[in-house]
1. Mind telling me which of the residues Leu117, Leu92, Leu70 ends up being closer than 20 Å to Thr144 by Cα, free of Cβ contacts under 8 Å to residues at least 40 places away in the same chain and not hydroxyl-bearing (Ser, Thr, Tyr)?
2. Would you mind telling me which numbered condition in (1) touching a residue at least 40 places away in the same chain (Cβ under 8 Å); (2) assigned to a loop (DSSP other than H, G, I, E, B); (3) surrounded by fewer than 18 Cβ atoms within 10 Å (Cβ to Cβ) Gly46 fails?
3. Any idea which of (1) hydrophobic (A, V, I, L, M, F, W, C); (2) out of contact with any Ser or Thr (no Cβ under 7 Å at 6 or more places or on another chain); (3) under 21 Å from Ser142 (Cα atoms) is the one Ala44 doesn't satisfy?
4. Residues to consider are Gly91, Gly175, Gly108; find the one that is farther than 15 Å from Glu50 by Cβ, at pLDDT below 95 and exposed (fewer than 10 other Cβ atoms within 10 Å of the Cβ).
5. Do we have Val72 as part of a helix (DSSP H, G or I) and either more than 20 Å from Ala29 (Cα to Cα) or under 16 Å from the mean Cα position of the chain (by Cα) (or both) here?
6. Select from the range 106-141 the residues that are touching a strand residue (DSSP E or B) at 6+ places or on another chain (Cβ under 6 Å) and of a type in the set (S, T, N, Q) and list them in ascending order.
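The values are calculated or read from the model by the stated rules, or taken from the named source; none is laboratory data. This one's a predicted model, so the numbers in the text were calculated from it and none came from an experiment. A quick note on method: Cβ atoms are made from the backbone with ideal geometry, for glycine too, and the neighbour counts reach across all protein chains shown.
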Amino acid sequence: MPQPQAVSVILRGGTEHVVDEAERALHDALRVVGVAIEDEKLVAGGGSPEVELALRLREYSSTLTGREQLAVSKFAEALEVIPRSLAENAGLDPINMLVEMRSQHEKGKKTAGLNVLSGKVMDMLKEGVVEPLRVKIQAIDSATEAATMILRIDDVLSSKSGAPGGMPPGGMPPGMGGMGGMEGMD
């Protein structure tokens, strides 16, 4: 049977918004498949890369001290939001699932992840649950960049409010007069 060079997909929905969302989801899915075919580099899915990275980062953080140790430990914790969210979205207990996944990874089962259909922690490669490596790297990089930007903005705001000439205790810039007419309202 000959394989078609092109196919058409007809999307339908109750509202234009639903159709737009379905179109975006289909577009994203096709791009992920395209990346997987192009790169030929896959990782296990089901949250297993995040749990494995978190495990390794926690081990590494124990060799550090002070703020560096805390930062690496918190980064490891943040990575586990993915498997926790998978469990929650599948209607499973996220804490129990994460504990089970950690246990499997500590035993050396690096591809143990959450099978959301069965509700069990399983070998994701054997189950055929995979993701393109490039997509996984991009997701972690983007989340890290966003968190770093937020921390930088927080540092700038903190330094401005504590610096001489910054915001006075009332919270209004100099010359703005504060909340005029509010005197004596104790």
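1. Going through Leu117, Leu92, Leu70 in turn, the sole match is Leu70.
2. (3)
3. Result: Ala44 fails condition (2) only.
4. Sole residue among the options that is farther than 15 Å from Glu50 by Cβ, at pLDDT below 95 and exposed (fewer than 10 other Cβ atoms within 10 Å of the Cβ): Gly175.
5. Yes; evaluated as a whole, the condition is true for this residue.
6. Listed by number, the residues that qualify are Thr111, Asn115.
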